[in-house]
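*Asks:* Dumping the structure here so I can ask a few things about it.
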Amino acid sequence: MAHEVRAVVALSKGAPVTVETILVPDPGPGEALVKVQACGVCHTDLHYREGGINDEFPFLLGHEAAGVVESVGEGVADLAPGDFVILNWR
């Protein structure tokens, strides 16, 4: 079952970002669903928005976050619901 969440979205190069409701699917094999409690938007996000890394739009801003694991997909053994995690894009 997909989860509705609010996200900051860059729709096109240089355009103002918008806050939209998006659907996040349940985690698949090897994935975890994390309820983000804090997220930073840094200069890299702004660089992406200006098309400085690629022109693949739309994309979500914020790639440095912390939160709590809500559920895990098949084959995930090192995380469990309730675990606190820190996320990074690499």
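*Asks:* Give region 16-58 a look and list any residue that's buried (at least 16 other Cβ atoms within 10 Å of the Cβ) and more than 28 Å from Ala77 (Cα to Cα), or say none.
*Replies:* Val17, Asp45, Tyr48, Arg49
*Asks:* Under 9 Å between Cβ atoms, which residue pairs at least 6 apart in sequence (or on different chains) link something in region 12-38 that is outside any strand (DSSP E or B) with a partner that is aromatic (Phe, Trp, Tyr)?
*Replies:* Ser12/Phe57; Lys13/Phe57; Ala15/Phe57
*Asks:* Taking Gly67 as meeting all but one of (1) over 14 Å from the mean Cα position of the chain (by Cα); (2) without any contact (Cβ under 8 Å) to a residue 40 or more places away in the chain; (3) closer than 19 Å to Asn88 by Cα, write down the number of the exception.
*Replies:* Answer for Gly67: the failing condition is (1).
*Asks:* Quick one: is Ala65 over 23 Å from Met1 (Cβ atoms) and either part of a strand (DSSP E or B) or of a type in the set (Lys, Arg) (or both)?
*Replies:* no
*Asks:* Here's another thing I want to ask about it. Just need a number here: residues in region 31-90 that are polar (S, T, N, Q) and modelled with pLDDT under 95.
*Replies:* Qualifying residue count for the region: 3.
*Asks:* Hey, another quick one. Check off (1) among the aliphatic types (A, V, I, L, M); (2) part of a loop (DSSP other than H, G, I, E, B); (3) surrounded by 14 or more Cβ atoms within 10 Å (Cβ to Cβ) for Ala77 and give me the number that stays unchecked.
*Replies:* (3)
*Asks:* Output the residues belonging to region 7-27 that are more than 12 Å from Leu61 (Cβ to Cβ) and under 15 Å from the mean Cα position of the chain (by Cα).
*Replies:* Within region 7-27, Thr21, Ile22, Leu23, Val24, Pro25, Asp26, Pro27 meet the criteria.
The values are calculated or read from the model by the stated rules, or taken from the named source; none is laboratory data. This is a predicted model, so every value here is computed, not measured. Ideal geometry is used to build each Cβ from the backbone, glycine not excepted, and the neighbour counts take in all protein chains shown.
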